[in-house]
Amino acid sequence: MHMNDSSARHIHETFAIGIVEQGKTFFNYRNEAHFAYFGSVVVINPGDVHANGSLLQESCTYRMMYPSNALLQQAMCKMTGEGQKIPLFSNPIIQDNLLAQKIYKFHQDLETPPHLLESEAILIEILTQLFGRYADEKMAFNLIGKENRAVGQIKDYLQANYTANVSLKQLSQITHLSPFHLTRVFCREVGLPPHAYLTQLRVVQAKKLLSQNWEISQVAVETGFTHQSHLNRHFKRIMGVTPRQYKLMSKNVQD
């Protein structure tokens with residue numbers, strides 16, 4: 001949810017998790033004043049009374065999400081392997097640029113046709129980092145064992161289905177590991193989370209098609225990117241040049 005209004009004192013039934021996107025704001029939380037500004041991560045516990053507003057008449061915009069308690073409890077079980085109670089937060093304001101960037105990207109992904117694997121992986125990273133580092137009660141995550149077979153299964157599946165909008169649920173069903181655990185296992189063994197590995201596969205295939213003088217818009221469709229701008233962004237990040245530049249370089253080499 002994208003918000004920019006001040007609010008009266010109120011409570012939420014669920015956690016409120018988000019970032020300040022623009023401006024400065026203050027929170028009256030547990031009868032204490034807390035200040036947040038651009039890039040601050042905000043976490044409000046369920047049932048805690050709070051109010052917020054902009055400072056110095058400066059416009060303030062923030063993005064919030066409200067995951068259900070049932071969803072978080074399910075995530076806790078998968079992360080820890082036991083029915084651990086959802087921990088709370090004493091401090092509602094967290095300064096963590098990497099975490100803020102992940103929350104912002106997750107919101108952006110929800111505004112466009114989502115790549116399920118990437119969005120789900122980012123949500124897992126957000127919850128792991130947030131509750132693992134900043135909750136009052138530290139979480140004991142499942143230990144990672146030798147799941148080489150599961151990693152091989154995931155790689156084979158992604159290589160065969162790189163154009164599909166693959167979800168963590170699908171990979172979980174294939175490997176019989178929880179989405180959280182398989183993401184950690186895959187990242188440890190491969191060096192990338194599943195969604196980033198899938199993007200690499202798509203870029204490799206895009207290079208082949210561009211070398212064959214395919215139209216860039218058609219390459220985006222054939223390699224599983226939502227649209228051409230997604231291909232451009234990921235291709236430039238990985239290869240250091242745009243698809244158009246790569247296509248021209250390939251043509252010059254062939255000539």
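The values are calculated or read from the model by the stated rules, or taken from the named source; none is laboratory data. Note that the structure is a prediction, hence the values are computed from the model and not measured. Virtual Cβ from ideal backbone geometry, glycine too; neighbours counted across all protein chains shown.
Taken as a whole, the structure places ILE122 among residues that are outside any loop (DSSP other than H, G, I, E, B), modelled with pLDDT under 85 and closer than 29 Å to PRO46 by Cα.
Which helices (runs of 4 or more DSSP H) sit wholly inside segment 153-255 and have at least 1 residues that are of a type in the set (A, V, I, L, M, F, W, C) and crowded, with 18+ Cβ neighbours inside 10 Å? Counting at least 1 such residues, we get 168-175, 179-190, 194-211, 216-222, 228-239. Beta carbons closer than 6 Å, at least 6 apart along the sequence or on distinct chains, pair a first residue in segment 30-51 that is assigned by TED's automatic domain parsing to the domain that holds MET64 and surrounded by fewer than 18 Cβ atoms within 10 Å (Cβ to Cβ) with a second that is in a loop (DSSP other than H, G, I, E, B) and of a type in the set (Val, Ile, Thr) for PRO46/THR14; GLY47/ILE11; VAL49/ILE11. Sub-9 Å Cβ pairs linking a first residue in segment 196-215 that is within 13 Å of HIS115 (Cβ to Cβ) to a second residue that is part of a helix (DSSP H, G or I) and acidic (Asp, Glu), at least 6 apart or interchain, are ALA196/GLU118; LEU198/GLU118; THR199/GLU118, ordered by first then second residue.
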